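Inspection log for the structure reproduced underneath, given as structure tokens.
Laboratory data are not the source of any read-out in this text; all were calculated from the coordinates shown. Nothing here was measured: the structure is a model prediction, and the numbers come from that model. Glycine also receives a Cβ, built like all others from the backbone with ideal geometry; neighbour counts cover every protein chain displayed.
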Amino acid sequence: MHKTRHVQVLDFIMGARSPQVLAALAPYGFNHEVLVEGTELLRRSVVFNRTSTLPSGPSRKEVYGSLDAFENLWFPIVRAALTRYYPPLAATLFADLGQATGKGSTFGMMRFLSGIEALGLGQAPFGEEGLAARALLVKRGFTQEIEAEGARLLRQIDGEVALPEGDDQAQAEAHAAVWEWYKDWRRVARTVIKDRGTLRSLGLRRSRKVELEDEAADDELDVESEVESPALPAAPGVPTIEAKEGAAE
């Protein structure tokens, strides 16, 4: 699965944590457990192939070291500023987001930067208060240039992600599983949510033309991959929704 797909799923997950989105999707089966399932499926698919190579420049070890240094410096500074002046926003931004090292830092950085971007745009789950919070972070040194540097470090990691060498089938299944989860709930969200701002917070747009283009592109990529979509595998300790429904019957 290409990096842009991971970003799409991550944007949806971040936006779906909003109480407004949860309330809108709840009648159709979306709840905290479904959100956790999507998060775990995404986490499992974001594991970099040990055999992939970086573009010319720093070694993979150096890039991971830079990501670790970025987290170690800016996560505490951002958390401290938001906790003092905007406690609810701090809790939302850093919910289930801990500092990691090496490959583990990649997913955390993706979530962190996605949240920072939402702050700066005043999007859900932060709202208009996010604009003031982002201005505060600029005063604390976390400028647009620093944010861009974090994004640059992520881009230095090879865009294609995969599971460890020799496990191509597991790689394909992990990518397919998280994408099927996303397509399922993207379709539901577009159907039942009418507010454009809420849709944007999920990384979606209301336009029917855009929706058809997205689905056509999905179908084309799925055919090219020649990967048969498997049933969603359960993440460790998180049973799939299908498994729960079967047990209930």
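Whole-Hz Karplus ³J(HN,Hα) for segment 186-197, in order, using 6.51 cos²θ - 1.76 cosθ + 1.60 and θ = phi - 60°, x for Gly and Pro?
5, 5, 5, 4, 5, 6, 9, 9, 9, 6, 5, x
How much net charge surrounds Q144 when only other residues with a Cβ under 11 Å from its Cβ are counted (Lys, Arg +1; Asp, Glu -1)?
Counting the neighbours of Q144, the net charge comes to -3.
Stretched out fully, how many nm does the piece from V192 to T83 gain, at 0.36 nm a residue minus the Cα gap? Write out the running numbers ahead of the final one.
On the way: separation 109, 0.36 × 109 = 39.24 nm, distance 3.41 nm.
This chain segment gains 35.8 nm when fully extended.
With θ set to phi - 60° and the Karplus curve 6.51 cos²θ - 1.76 cosθ + 1.60, what are the ³J(HN,Hα) couplings of segment 146-156 in order, to the nearest whole Hz, using x for Gly and Pro?
For segment 146-156, the Karplus curve yields 5, 4, 5, 5, x, 5, 5, 4, 5, 5, 6 Hz.
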